[in-house]
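Notes for the one structure printed next.
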Amino acid sequence: MNASATGIPMHPPNGASYLFDPGALCLELLTTGGPDELARWEVLHAPDDLRAWLAACRLRLSPSDVGVAEGDVGDARRLRDAILRVTRAAAHDRALPAEDVAEINRFAAKAPLVPEMAPGGTASWVCPADASQALSTVARDAVELFTGRFADRVRECGGHNCLLLFVDTSRPGRRRWCAMERCGNREKVRALRARRENQ
């Protein structure tokens, strides 16, 4: 349930679609937009938008299985923005903003989604569920990330003008890009052009 693997589908206006795996559930929420320069990518406007994200993220909650009210959209944006500021601080080795840590803790204190196991050994969530349970689960994932063994591996993509954030869970800990097929390849092409121009 929390171990995923494929990532969130990304559809940039200036390039091919690709999958982005930020390495943690809480960081998947950051793909929905945000404040300031991220506002132009905002996708959480209505309950159906939050339902769509809950289905696409590693929680894989069916839209028919989760109750989402208007107020839950604002809650999701508040939690996301707090996680964003904490993640940026961690990525740049700055102190975590106390207000945002408190906001994450407020969401984490609520009842989370309840896991269940099927006889075949597969995991799922007890449904129906509501958005506040899902947001609590996201917040608890943030607490685990920023207090756990990968807390010092939170990174910002090294690509030109890319604002995506991820946690490097690779064994060597040398991940630099949001996705190799996106920013990694673009940076390789830039470096090749620069070498050719300098010859």
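The values are calculated or read from the model by the stated rules, or taken from the named source; none is laboratory data. It should be emphasised that the depicted structure is a prediction, and the values quoted were computed from it without experimental measurement. Using ideal geometry, Cβ is built from the backbone for each residue, glycine included, and neighbour counts are taken over all protein chains shown. Remember, those area values only see protein heavy atoms, side chains included, never the ligands or the DNA or RNA. Shrake-Rupley method; radii C 1.70, N 1.55, O 1.52, S 1.80 Å.
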**Message:** Go through (1) part of a loop (DSSP other than H, G, I, E, B); (2) within 21 Å of P115 (Cβ to Cβ); (3) free of Cβ contacts under 8 Å to residues at least 24 places away in the same chain for G23 and report which single condition fails.
**Reply:** (3)
**Request:** Report whether or not V114 is aliphatic (A, V, I, L, M), closer than 17 Å to C26 by Cβ and surrounded by 11 or more Cβ atoms within 10 Å (Cβ to Cβ).
**Result:** no
**Hey, R140 under 17 Å from R58 (Cα atoms), assigned to a helix (DSSP H, G or I), of a type in the set (K, R) and open to solvent by less than 60 Å² (accessible area, probe 1.4 Å) or not** = no
**Request:** Go over the candidates A95, A102 one by one and state the one that is assigned to a loop (DSSP other than H, G, I, E, B) and at pLDDT 95 or above.
**Result:** A95
**Complete:** Residues of segment 69-90 being of a type in the set (A, V, I, L, M, F, W, C) and open to solvent by 30 Å² or more (accessible area, probe 1.4 Å), in sequence order, are A69
**Message:** Please pick out the residue among V126, V43, V66 that is open to solvent by less than 30 Å² (accessible area, probe 1.4 Å) and β-branched (V, I, T).
**Reply:** V66
**Request:** Starting from residues that are surrounded by fewer than 19 Cβ atoms within 10 Å (Cβ to Cβ) and small (G, A, S), keep the ones in segment 91-111 and report whichever is farthest from W125 (Cα to Cα).
**Result:** A95
**Asked** Considering only residues of segment 65-91 that are free of Cβ contacts under 8 Å to residues at least 60 places away in the same chain and of a type in the set (A, V, I, L, M, F, W, C), which is nearest to V154 (Cα to Cα)?
**Response** A89
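The rows are residues; the columns are (1) modelled with pLDDT under 95; (2) surrounded by fewer than 18 Cβ atoms within 10 Å (Cβ to Cβ); (3) of a type in the set (K, R); (4) not in a loop (DSSP other than H, G, I, E, B).
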position	(1), (2), (3), (4)
E37	yes, yes, no, yes
D48	no, yes, no, yes
R51	no, no, yes, yes
L59	no, no, no, no
**Request:** State whether one or more residues within segment 145-161 are in a loop (DSSP other than H, G, I, E, B), among the charged types (D, E, K, R) and open to solvent by 40 Å² or more (accessible area, probe 1.4 Å).
**Result:** yes
